[in-house]
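The next block holds one structure in the form of structure tokens; read it before the comments.
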């Protein structure tokens, strides 16, 4: 963007000693504006060694912002300022040094760093059974809003069962105590970190600590503020109380993390409560006018201007009889002049009807790693290393860092870790675990035997030799109902994970958030009732999350928007044409 | 794995984006001063921590600044290295530098913003600046730089971090590690420790007495509370200190010699000390290649500027050939800059990269010049020390024989006379005359231009003019009475010109289309003949022949002298041709010979007396090689 609009200039010159909310519509050039504003603030900053913190909600967003800042500043953003994810900030800046005051973790080997585990780990179970089985502390979290517990075990049916069941006081006590034991042993989940932070913020003994933190970061900029959870908002409120000024940037209409308990209503309330000054960005530079209009109409909000230089093409409606994959040839025909074409659906199940590109889980990951390692190309070898490292780290509940890949904190040299993984893979391949002609049952036997003698191998690193002991009793089972099927059936795709023959990309709405496409195809599911993936659920209530799903998905394309729906009845056709669609 | 490409921008003389392609093994950079050779080496050093000469720090003068009016210093420096041919282990180790590609990248950038004496710079691996660089990955590349003026003696001397100490520590790395873990001393430390004790305790060596005397003296002066204790021994008992105290001695030949006959390096020749220095570095590098020894490195880069410094040609040749072998066998990538034709002739043409800087630096690896394999082999054998001048001059004139090689420089003086002192000799223009010893233009000129349609390739951006003879047939058939044909001698002249049989003539057209190459052929017959056919040149040429005719009192010499008085410029071409043919006959005879004649001829020309007309084709070649544009002369025969 060369020329800045007045709205954009207004934010770049916004005061940094006040709370400001930049209400940015889709396609407003928000990231660029934020980068420009941060660059200006940094260049005019006089309060060294205090600095500003720019927080986002994903590693890719952080990387994108860092790259833009390099362009403005000529070099990466340096001390005392930082760009990181919200979670990472809370963990390393707020909680890391003082967590033990809340968790009562005495420390291990001289360090008291919290080990963060995902819900794939399975330690510290409740003493009693809940809905038939005990639950691991890694698989549930406290919810500030409901004042209850939310379960995420990784199995959908179990989650539903647990979340719907009423929790007795006895069970509640058990859950709380299990968490406490979990924390006291030095473990925590990501959401636990938020709770620990909030608990710490309440402690009088830590007031001085947090006052210093507020002085250290007098200005915090939060991108995609609509994704803030109730716990995170509570933290914001507390920090505000200590004098920190916030700039929130986002679009409440693009809040789609209800499953993570983000509620735009809460954010709105906080904006009002703390007196945020609102600056709008109301021009959409991404899309043609008709797409922009449709999006505004979806939420029944005020219409805004689109990009006058993009030819305004009416959004199209394609109908399928039984399965959306019928429409692929037509989609390719309609979009063949465009480069970046993406097919978007609410969830993976709808997407699965298009291609076999679904993700691999559990023991399949191990098999995939072995096969890729024996394929001969260096790229696939590195992918295999990453897969195996992740599988191993999860299996052994090792705390890992992102880089490495997945290098355990205990190991200093990431190179040594990679070489160790490489040796493990060679060990497995030599034992025959890369033979795709084996059935899953045969393969599981070979892999299990080989993994069980892994701790005895000469190439094992001293730092983790103890951690590998659990492998001696490792159990590996073939995936459900695949026991007699050869590996090749499931694993014959290229590991490189690039779209192979198809020119189209397939993503979920959450994966495309923030992106810009040339053409987007939004796919509605066959039936209603599955997590708001049907178009009727999108149009039912403009204030609902369903509507916001459609809004986020439909505001991605520059030139062409297509909705793919099941064959319509006459009145349904009318509803959609009135909305602005043209039937194909 | 090896360093394949280096992209440089804004650094030193590289104002425009510059790229140089290396290959695995030995790379020899040739080019005149100011072409950018040192710049390239400095750029490589900037990327790595050099274990020998220390880290290179960016200073103000590293930012490129043009010489034109109102030029400002560059705002940033960008140096990017691309590594290729990674095997499995390399791919795992340098994963972050590869991203999703097969080749690894390492980038250095610096901004022209000074802060407390240092310039802001970043070093990152990979295709985009994502995560911070892991220094342990960078250390997997061992780079060693040897500057042009080396003080080998100081480097080899004993003392802290001496070469010997480093080599020994590298050799004993595993043993030292085990000893440290067990908490026990290394065998060497034990031995020296025992030796020290023996010296100190024994009464035979007076060391004990000396120590006691010093101690007593100190105690007397300072008393018991303030005094210190002393001990005399060979060195501290630590591996580092022991090996740092070791000294390298030499003996001038490989003949059997007693250890006591070896001498200290200060007595050694400068050149040989240099060789010892380089040998010790190679010892350390080759150690790293052997598994389980030395430190683990995935790529070893050896940068040597002017290895010819202090070395006699014989030693230069041996050293370079050895470096070439070591580079291949021990997978060390060696990059060398040189001004020496000895070195460039000792290596293969495939290993040479030519650097030039007319307005912007350009690097042309000779292996990319489109040389067909037979040509490449030919050049490798024929590119001896004198012909190597080809690569070091600002312009070159390629000739077929010794006669041309001797005479052309003098003819050039005549052609260039009009430009005045300082610009009237070939040396003034940096142009070399190179004797190919035959009609091998097809091979050598391929370096500067595409000689045929099939041999397309890069061109070394230096002007090259080839001079060749027309070589028409010696005899022609004419019809005689009786329907028969008779063979008569053919003397070319303006009224009777025929096609030449020289197969190099076929290339003239294609070479003429190129930017840097030109091939010129004589109009008539051969070098001396063509010169004789112009103006009154025969006067001087016949006199010279007469003066060197062995039998001075005989008829031939007298005849030649008489003929030399004729007014050749008034003659018609056919008549001159006859005299020219006779001159040629005399020159070619065993009494004189082309070489002797040329030498005498050149001497006469040197006197710069009298009128002399230089044939057009020779004139054009000289002007082309010197980079002078002049309109071609009209043919002025007769």
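The values are calculated or read from the model by the stated rules, or taken from the named source; none is laboratory data. Source: prediction; values computed, not measured. Neighbour counts run over all protein chains shown; Cβ positions are idealised from the backbone, glycine included.
Worth a mention:
- Here the strands (runs of 3 or more DSSP E) wholly within region B:59-146 that include at least 1 residues being within 30 Å of the chain's Cα centre (by Cα) and away from chain A (no Cβ under 14 Å) are B:76-84, B:104-115, B:141-146.
- Whenever a residue of region B:229-243 is in contact (Cβ under 8 Å) with a residue 12 or more places away in the chain, its partners that are assigned to a loop (DSSP other than H, G, I, E, B), lying with C-beta atoms within less than 6 angstrom and at least six residues away or across chains, give the pairs B:235/B:245; B:239/B:186; B:242/B:235.
- Complete set of residues in region B:259-278 that are touching a helix residue (DSSP H, G or I) at 6+ places or on another chain (Cβ under 9 Å) and part of a helix (DSSP H, G or I): B:265, B:266, B:270, B:271, B:272, B:273, B:274, B:275, B:276, B:277, B:278
- Residue count, region A:65-82 (criterion: part of a helix (DSSP H, G or I) and more than 11 Å from chain B (Cβ to nearest Cβ)): 3
- Test: residue in region B:435-444 that is free of Cβ contacts under 8 Å to residues at least 40 places away in the same chain and farther than 26 Å from residue B:33 by Cβ: yes
- Within the span defined as region A:483-497, every residue fails to be surrounded by 16 or more Cβ atoms within 10 Å (Cβ to Cβ), in a loop (DSSP other than H, G, I, E, B) and at pLDDT 75 or above.
- Tally of residues being assigned to a strand (DSSP E or B) and closer than 19 Å to residue A:195 by Cα across region A:98-155: 11
- Residue in region B:406-415 that is closer than 23 Å to residue B:340 by Cβ, touching a helix residue (DSSP H, G or I) at 6+ places or on another chain (Cβ under 7 Å) and in contact (Cβ under 8 Å) with a residue 60 or more places away in the chain present: no
- Complete set of residues in region A:414-429 that are surrounded by fewer than 18 Cβ atoms within 10 Å (Cβ to Cβ) and either modelled with pLDDT of 90 or more or within 16 Å of residue A:380 (Cβ to Cβ) (or both): A:423, A:426, A:427
- Among the numbered conditions (1) within 13 Å of residue A:319 (Cα to Cα); (2) touching a strand residue (DSSP E or B) at 6+ places or on another chain (Cβ under 7 Å), the only one that residue A:560 does not meet is (1).
- If you check A:197, A:205, A:171, A:184 for being surrounded by 13 or more Cβ atoms within 10 Å (Cβ to Cβ) and over 26 Å from residue A:260 (Cβ atoms), only one passes: A:184.
- Single residue of B:322, B:310 found to be under 19 Å from the mean Cα position of the chain (by Cα) and modelled with pLDDT under 85: B:310
- Boolean, residue B:32 is closer than 16 Å to residue B:360 by Cα, at pLDDT 90 or above and part of a loop (DSSP other than H, G, I, E, B): no
- Some residue of region B:329-348 being touching a strand residue (DSSP E or B) at 6+ places or on another chain (Cβ under 8 Å), part of a helix (DSSP H, G or I) and surrounded by 20 or more Cβ atoms within 10 Å (Cβ to Cβ): yes
- Considering residues of region B:281-296 that are buried (at least 18 other Cβ atoms within 10 Å of the Cβ) and at pLDDT below 85 only, the residue farthest from residue B:26 (Cα to Cα): B:294
- Residues of region B:244-267 that are over 25 Å from residue B:207 (Cβ atoms), touching a residue at least 24 places away in the same chain (Cβ under 8 Å) and surrounded by 13 or more Cβ atoms within 10 Å (Cβ to Cβ): B:248, B:250, B:265.
- Flag for residue B:256 being in a loop (DSSP other than H, G, I, E, B), modelled with pLDDT under 85 and closer than 27 Å to residue B:388 by Cβ: no
- Selection of helices (runs of 4 or more DSSP H) fully inside region A:309-394 by the criterion of at least 3 residues being at pLDDT 85 or above and away from every other protein chain (no Cβ under 14 Å) returns A:328-334, A:363-373.
- None of B:522, B:438, B:512 is out of contact with any strand residue (DSSP E or B) (no Cβ under 7 Å at 6 or more places or on another chain) and surrounded by fewer than 23 Cβ atoms within 10 Å (Cβ to Cβ) except B:438.
- Residue in region A:115-136 that is away from chain B (no Cβ under 14 Å), under 28 Å from residue A:216 (Cβ atoms), at pLDDT 85 or above and surrounded by fewer than 16 Cβ atoms within 10 Å (Cβ to Cβ) present: no
- Comparison of B:179, B:165 shows that the only residue that is over 14 Å from residue B:233 (Cα atoms), crowded, with 18+ Cβ neighbours inside 10 Å and at pLDDT 85 or above is B:179.
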